[in-house]
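Asker: Please find one structure pasted underneath; my questions will follow.
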Amino acid sequence: MSGFAGNLMRLDKAISLAKNISRSTARSLIIRGDVRLNGVLVRDAAAHVDESSAIELAGSLMCAIEPGHQYMMYHKMLGEVCSREDAHHPLVFRHFEENRRHPLMTVGRLDQDTTGLLLLTTDGLWSHRVRRPGSHPKCYEVSLSESCSPSGAEEVMQQMRAGVILHNEVKPVCVRRMEQMTDRRFRLWIDEGRYHVVRRLWAALGFHVVGLHRVSVGMLNLDVEPGNWRSLSAAEIALF
Ligand code: URA
């Protein structure tokens, strides 16, 4: 989609360009409640959207953005941050060239102390599909500060599969699958994007996570060395 001024555009204009319909038709669709923006029903035709916005029209995500997007996997190193600016920590973005037409964004975030698979793209719709809850579980390797006895580990795994309520929250977090690797290392699959979710999950059961590494997102496994990145193939992009 062309015409993003300063990366922002009115919602009715974005729909009219993407669907090749008039602005007034786009406005009627919005007003009658056919449009969701980032999962929320909007009736304001003047709402601002940008390349990262997920626009749904009558339940389908709009493929509104022109080709030429970038999709990559990066092996995040310890201490790096996913923010755009940080005076005190290295940014993951330092590894990528100044972007051309579309801004590069991380698909979700990893904490400063988490390593492993980080996806980056310029395609907001794709990013939204990757992050949509319930669709593409992420696998993490967790190292704990203390060991867990075999019976303790079994109990923890049962609790995590059944659902754990995090501190100050109501909705439980469920772990899809879990494996014990050693007395203090586990692998777990989760499709949640809540802030610090894995660390808080273990904290809720009385454990302290000292190492967290993301191994995969959906069917996509990390296969580059720390600090390196590669572009995804068309088949990999189509996994999401
Ligand atoms: N859960 C966390 O606690 N941290 C991450 O970086 C990712 C998931």
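The values are calculated or read from the model by the stated rules, or taken from the named source; none is laboratory data. This is a predicted model, so every value here is computed, not measured. Here Cβ is always computed from backbone atoms with ideal geometry, including for glycine, and neighbour counts include all displayed protein chains.
Asker: Would you please name the residue that is surrounded by the fewest Cβ atoms within 10 Å (Cβ to Cβ), looking only at residues in segment 27-58 that are polar (S, T, N, Q) and in contact (Cβ under 8 Å) with a residue 60 or more places away in the chain? Steps first, answer last, please.
Answerer: Step one: of segment 27-58, the residues polar (S, T, N, Q) are 28, 38, 52-53.
Adding the requirement that they be in contact (Cβ under 8 Å) with a residue 60 or more places away in the chain leaves 38, 52-53.
Working: ASN38: 13, SER52: 18, SER53: 20.
Here the residue is ASN38.
Asker: On the given criteria, is GLY193 at pLDDT below 95 and within 16 Å of GLY116 (Cα to Cα)? If you could, list the steps in order and put the result at the bottom.
Answerer: Working: at pLDDT below 95: yes; within 16 Å of GLY116 (Cα to Cα): yes.
The answer is yes for GLY193.
Asker: Follow-up. Restricting to segment 83-97, name every residue that is touching a Gly at 6+ places or on another chain (Cβ under 9 Å) and modelled with pLDDT under 95. Walk me through how you get there before you give the answer.
Answerer: In the first step, residues of segment 83-97 are kept if they are touching a Gly at 6+ places or on another chain (Cβ under 9 Å); the result is 89-90, 95.
Listed by number, the list holds a single entry, HIS95.
Let's see how each residue does on (1) within 21 Å of the chain's Cα centre (by Cα); (2) of a type in the set (Gly, Ala, Ser); (3) at pLDDT below 95:
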{"position": "SER151", "(1), (2), (3)": "no, yes, yes"}
{"position": "LYS171", "(1), (2), (3)": "yes, no, yes"}
{"position": "ARG176", "(1), (2), (3)": "yes, no, yes"}
{"position": "TRP189", "(1), (2), (3)": "yes, no, no"}
{"position": "ARG214", "(1), (2), (3)": "yes, no, no"}
{"position": "GLY227", "(1), (2), (3)": "yes, yes, no"}
{"position": "LEU232", "(1), (2), (3)": "yes, no, yes"}
{"position": "ALA238", "(1), (2), (3)": "yes, yes, yes"}
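Asker: Which residue, of ARG200, ARG184, ARG214, ARG161, is without any contact (Cβ under 8 Å) to a residue 60 or more places away in the chain and within 16 Å of the ligand (Cβ to nearest atom)?
Answerer: Values: ARG184 fails: within 16 Å of the ligand (Cβ to nearest atom); ARG214 fails: without any contact (Cβ under 8 Å) to a residue 60 or more places away in the chain; ARG161 fails: within 16 Å of the ligand (Cβ to nearest atom).
Only one candidate passes the filter, namely ARG200.
Asker: Every residue in segment 82-125 that is farther than 22 Å from ASP50 by Cβ and without any contact (Cβ under 8 Å) to a residue 60 or more places away in the chain, please. Spell out how you get there, then give the answer.
Answerer: Here is the first cut: in segment 82-125, the residues farther than 22 Å from ASP50 by Cβ are 87-90, 94-95, 110-117.
If the condition is that a residue be farther than 22 Å from ASP50 by Cβ and without any contact (Cβ under 8 Å) to a residue 60 or more places away in the chain, then ALA87, HIS88, HIS89, PRO90, ARG94, GLN112 are the ones that fit.
Asker: Can you tell which of GLU225, GLU192 is within 16 Å of the ligand (Cβ to nearest atom), under 23 Å from GLU80 (Cβ atoms) and assigned to a loop (DSSP other than H, G, I, E, B)? Before you say what the answer is, go through the steps one by one.
Answerer: Working: GLU225 fails: within 16 Å of the ligand (Cβ to nearest atom).
Just one listed residue meets the conditions, GLU192.
Asker: Looking at THR115, THR121, can you tell me which residue is closer than 28 Å to ASN38 by Cα and within 12 Å of the ligand (Cβ to nearest atom)?
Answerer: Details: THR121 fails: within 12 Å of the ligand (Cβ to nearest atom).
Result: THR115 is the single residue among THR115, THR121 that is closer than 28 Å to ASN38 by Cα and within 12 Å of the ligand (Cβ to nearest atom).
Asker: Is it the case that segment 168-176 has a residue that's farther than 23 Å from ALA54 by Cα, touching a Ser or Thr at 6+ places or on another chain (Cβ under 9 Å) and within 16 Å of the ligand (Cβ to nearest atom)?
Answerer: Narrowing segment 168-176 to residues farther than 23 Å from ALA54 by Cα: 168-176.
When the remaining residues are screened for being touching a Ser or Thr at 6+ places or on another chain (Cβ under 9 Å), the result is none.
No, segment 168-176 contains no residue that is farther than 23 Å from ALA54 by Cα, touching a Ser or Thr at 6+ places or on another chain (Cβ under 9 Å) and within 16 Å of the ligand (Cβ to nearest atom).
Asker: In segment 110-136, which residue that is in a loop (DSSP other than H, G, I, E, B) and modelled with pLDDT under 95 is nearest to the chain's Cα centre (by Cα)? Even if it seems obvious, please write down each step before you answer.
Answerer: Residues of segment 110-136 in a loop (DSSP other than H, G, I, E, B): 110-113, 122-123, 132-136.
Subsequent filtering for residues that are modelled with pLDDT under 95 retains 122-123, 132-136.
Working: THR122: 13, ASP123: 12, ARG132: 8, PRO133: 9, GLY134: 12, SER135: 11, HIS136: 10 Å.
If we take residues in segment 110-136 being in a loop (DSSP other than H, G, I, E, B) and modelled with pLDDT under 95, then ARG132 is nearest to the chain's Cα centre (by Cα).
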